[in-house]
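Asks: So that we are looking at the same thing, I have put the structure below in C-alpha cells.
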Amino acid sequence: MLGFIIFGTRGVRSTVEQGQFYCPQCDGQKPYKLKKVTQFFTLYFIPLIPLGSKGKYVECQNCKNTYIERILEMKPTIDVSERPQPKPQVESRPRIDSNPQTETVEQIPSYDTSADDEKPRQRQEEELMPAKQRAIKKLLIMMILADGVVDDQEISVFHKVYKDITGAYVGNIYHEIDVVKGKREKPEEYLKSVATFLNEEGKRDVIKACMMIAAADGDIDPSELKMVKKFGEALEMRPAEVKAIIDQVIIPA
Ligand SMILES: [Zn+2]
C-alpha cells in the first residue's frame, strides 16, 4: 500500500535584507528583517520546486509583528523622544473601567505620508497596521456575518477576542462590518491572499482568535471545527499545528 501522496504548494520565507525601522507597535526604532516569500511545490509538506515569488513583508524582530514593505519608508511625524505619555499604538488598548470621557478609541500614530497623499488616509493607516491585526479584524467580522445577522452578543465577543489577541480596540465596528459586507469575499479566499504576509506567530494568532469566537457560545460544534481547520489550510499551516491550537482553546463554562 502506497497510501496517500500528499502534495501541494507553500510559501517559503527567506531574509533578503535587515536593518532598523520605526515599529508602530513597539513605538520605537527596532531591528527588522525583510522577508521574501517564494512559492514552492511541496511533497509531504516538504518544499521541492520553486514556482516563483509571492511577495515581501517586514518583520519586527522585537514584537514579531509583520507589515507591508512600505512601513520602512514611514517615519513618525512626532519625535519619539518628545512624545507625550501614554505612548500611542496603532490601535490603543481601551482602559478597563474607565469612564467614557477618558476612554481611548483607535489611536493611530500620524505618519509623514505626504509622498502619497492621493490615497485616502484611512486606507493608508489600515495598510500600515500589523498584518496579523488586520487579518484578525477582517476574519472575525466575516465570522460574525456568516449567519447573516449581527447581534450585540457577537459584537461584544468580537471586542473581547480582538483585544485579547491584538491588544487593540476597534472604535467604529459597525463601519468596519459594512466595509467587509460590501466586499462579499469568502474567508478562505481572504486568508489565502494574506497568508504570504503572516509569519508563524501571526497565523497562530489568527487561528486562536477564530477558536475563541467559535468557543464563545459555550461549545464548539463539528462544523465550527471543520471551518477552523479549513482556515488553517488556507493559511498554509500544517494540520498538526492547527490541531495544537484547537486543543489549547478552553471553552468557557
Ligand atoms: Zn515591533
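Asks: Which whole-Hz couplings ³J(HN,Hα) result when phi for each residue of the range 53-60 is put into the Karplus expression 6.51 cos²θ - 1.76 cosθ + 1.60, θ = phi - 60°, listed in order with x for Gly and Pro?
Replies: 7, 9, x, 10, 8, 9, 10, 6
Asks: Can you tell me how the range 128-180 classifies by the Cα gyration tensor, rounded, prolate or oblate, using a/c under 1.5 as the rounded cut?
Replies: Since a/c reaches 1.5 and a/b is larger than b/c, the shape of the range 128-180 is classed as prolate.
Asks: So what are the ³J(HN,Hα) numbers for the range 138-146, from phi and the Karplus equation (6.51, -1.76, 1.60; θ = phi - 60°), rounded to whole Hz, Gly and Pro as x?
Replies: My calculation for the range 138-146 gives 5, 5, 4, 5, 4, 5, 4, 7, 3 Hz in order.
Asks: While we're on this one: Between THR42 and residues 5 or more places away or on another chain, which pairs have amide H atoms under 5 Å apart, with H built 1.01 Å from N, and which residues are they?
Replies: Hits under the 5 Å cutoff: GLY8, THR9, ARG10, LEU48.
Asks: Counting only residues 5 or more places away or on other chains, whose amide H sits under 5 Å from the amide H of LYS75 once H atoms are built in the peptide plane?
Replies: Under 5 Å from the amide H of LYS75: ASP112.
Asks: Sticking with this one: Determine which lysines satisfy two conditions relative to LYS160: a Cα distance under 17 Å, and not lying fewer than 8 residues away in the same chain.
Replies: Once the sequence-local lysines are set aside, what remains near LYS160 is LYS132, LYS137, LYS138, LYS208.
Asks: Of LYS30/LYS230; LYS30/LYS181; LYS30/LYS183; LYS30/LYS163; LYS30/LYS226; LYS75/LYS243, which ones are farther than 32 Å apart at the Cα?
Replies: Distance filter (> 32 Å) returns LYS30/LYS230; LYS30/LYS181; LYS30/LYS183; LYS30/LYS226; LYS75/LYS243.
Asks: OK, next. Distance between the C-alpha centers of the range 114-190 and the range 207-248? Whole Å please.
Replies: Answer, in whole Å: 19.
Asks: Based on Cα positions only, what radius of gyration and what Dmax would you give for the range 131-248, in angstroms?
Replies: Every Cα atom of the range 131-248 included, Rg and Dmax give 13.1, 36 Å.
Asks: For the range 113-244, with only Lys/Arg (+1) and Asp/Glu (-1) charged at the beta-carbon, what is the dipole magnitude about the Cα centre, in debye rounded to 20?
Replies: 320 debye
Bear in mind these aren't lab numbers, they're just calculated from the coordinates by the rules spelled out. Everything numeric here is computed off the predicted structure, so don't read it as measured data. Don't worry about glycine lacking a Cβ; one is built from the backbone with ideal geometry, like all the others, and counts go over all protein chains shown.
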